[in-house]
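**Q** Right, I'll just put the structure down here and ask away after.
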Amino acid sequence: NFLFLVFPSPLAWSIQVILQPIFISVTAFIFLRNLGLRMAAAIFGSLAYAFSGFSIVWMEYNTIGYTLAFFPLALLLTDKIAEQPKLTYAFWLGLLLCLQIFSGYPQISIYTIVFATLYFTFRLFTRWEGLALKSLIYLLGIGSAVGLAAVQLLPSSELLGLSIRSFDNT
């Protein structure tokens, strides 16, 4: 939103649209390189993710692209917690997921938490040592994300209860 302070609204909006695939591809590239993929494979994978049909279709709305960009970073931090559990990883995971929730598309945030948890469980099967500590730190990261995002989640849930959807059955 800083761009709207500096530039006129149409230009700021256009810059944000242009920055979305760049941000998505950079975060995907970082995650893919962390997995040990070669440079060419990581570049191809990050570009395929950034310019996927879902990303391109929703790009003009300026919210979902940034939500998608946080997904590879969440998997990266999940991977880091599974390898070496540190509280700093839980802090960054919580902050990142909170920012993803604030990005404005809650379905992707739910999908991210579910998929990251499945990925975390898969990673735990490869290394059993420190299972309780790893699980505790991961849950701390998820719990802190929900706690930080409560300033938006609680009013949103109240608004949902007061909307027409709560009593319109047709």
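The values are calculated or read from the model by the stated rules, or taken from the named source; none is laboratory data. Here the structure is a predicted model, which is why all the values come from computation and not from measurement. Cβ sites come from the backbone with ideal geometry, for glycine too, and all protein chains shown count toward neighbours. With ligands, DNA and RNA removed, areas are computed over all heavy atoms of the protein, side chains included. Shrake-Rupley method; radii C 1.70, N 1.55, O 1.52, S 1.80 Å.
**Q** Using a 1.4 Å probe on the protein heavy atoms, what percent of the accessible area of the chain belongs to carbon and sulfur? Walk me through the intermediate numbers first.
**A** Working: 7580 of 10260 Å².
Exposed carbon and sulfur together represent 74 percent of the surface.
**Q** Can you list the HN-Hα couplings for the range 100-115, worked out from phi with the Karplus curve (6.51, -1.76, 1.60; θ = phi - 60°), rounded to whole Hz and with x for Gly and Pro?
**A** Result, ordered by residue: 5, 5, 5, 5, x, 10, x, 4, 5, 5, 5, 4, 5, 5, 5, 5 Hz.
**Q** For the chain, with a Gaussian network of springs between Cα atoms less than 10 Å apart, report the residue from A82, A116, A40 with the top mean-square fluctuation.
**A** Residue with maximal mean-square fluctuation among A82, A116, A40: A40.
**Q** Also: Ignoring ligands, DNA and RNA, what accessible area per residue does the range 80-120 give at 1.4 Å, in Å²? Intermediate values should be presented prior to the final figure.
**A** Working: 2130 Å² over 41 residues.
For the range 80-120, the solvent-accessible area averages 52 Å² per residue.
**Q** What FRET efficiency, computed as 1/(1 + (r/R0)^6) with R0 = 30 Å and r the Cβ-Cβ distance, is obtained for A150 and F125, rounded to the nearest 0.05? Let's see the in-between values first.
**A** Working: r = 32 Å, r/R0 = 1.07.
In this case the efficiency is close to 0.40.
**Q** Is the C-alpha gyration tensor of the chain telling us rounded, prolate or oblate? Criteria: a/c under 1.5 is rounded; beyond that, a/b larger than b/c is prolate, otherwise oblate. Intermediate values should be presented prior to the final figure.
**A** Working: a/c = 1.93, a/b = 1.18, b/c = 1.64.
Since a/c reaches 1.5 but b/c is at least a/b, the shape of the chain is classed as oblate.
**Q** If you find the alpha carbon centre of the range 37-69 and of the range 108-141, how far apart are they in angstrom?
**A** 24 Å
**Q** Computed FRET efficiency, Cβ-Cβ of V57 and E83, R0 45 Å: what is it to the nearest 0.05? Write down the numbers at each step before the final one.
**A** Details: r = 35 Å, r/R0 = 0.78.
FRET efficiency, V57 to E83: 0.80.
**Q** Return the calculated 222 nm mean residue ellipticity for the chain, to the nearest 500 deg cm²/dmol, obtained by summing -39500 (n - 2.57) across DSSP H runs with n ≥ 4 and dividing by the residue count.
**A** Numbers: 9 runs with 137 residues, N = 170.
Dividing the helical sum by the residues of the chain leaves -26500 deg cm²/dmol.
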